[in-house]
Amino acid sequence: MREPTIGQTRRVHPYQWLWEPLESDPTFLLRPMFGGKAVYLDGRLTLYFSAKEEPWRGVLACTNRVHHASLLADHPELSPHSILPKWLYLPESADRFESVAERLVALAKRRDPRLGVSSQPKQRKRPKA
């Protein structure tokens with residue numbers, strides 16, 4: 001990311017305060033993804049923060065479907081995302097958005113095995129013979 005020059009201000013993501021507790025983790029990586037910010041811990045995509053229009057305004061818990069029931073039982077404010085149903089979504093409009101989002105970050109920090117997905121390595125296209 002480019003540093004702002006004199007007279008410019010750096011734009012702050014509205015959910016930056018949520019991932020800041022993770023920044024001291026030596027495996028923490030924050031990457032831009034689809035107009036939002038993706039948090040990786042131990043090389044696994046764990047949380048995704050997006051501040052666009054619904055249904056992309058909130059926090060997505062990157063998880064496998066086998067963990068949905070358990071996470072939904074613990075955090076009923078979550079629901080499968082309408083476009084990416086493999087991940088659970090906490091919309092900013094949820095009554096307890098801040099406290100639930102902080103709990104998701106705490107789960108990620110503790111390496112709750114229900115959070116995080118490994119990226120599949122991209123297949124290289126073979127040149128045609």
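Since every read-out is calculated from the coordinates, none of them should be taken as a lab result. Keep in mind it's a predicted model, so treat the numbers as computed, not measured.
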Please work out, to two decimal places, the log10 of the ratio I(q)/I(0) at q = 0.18 Å⁻¹ from a Debye calculation in which every Cα of segment 58-104 carries one identical scatterer. -0.45
Mind listing the phi-derived Karplus ³J(HN,Hα) values for segment 27-38, rounded to whole Hz, using 6.51, -1.76 and 1.60 with θ = phi - 60°, and x for any glycine or proline? 9, 4, 9, 10, 10, x, 8, 6, x, x, 10, 9
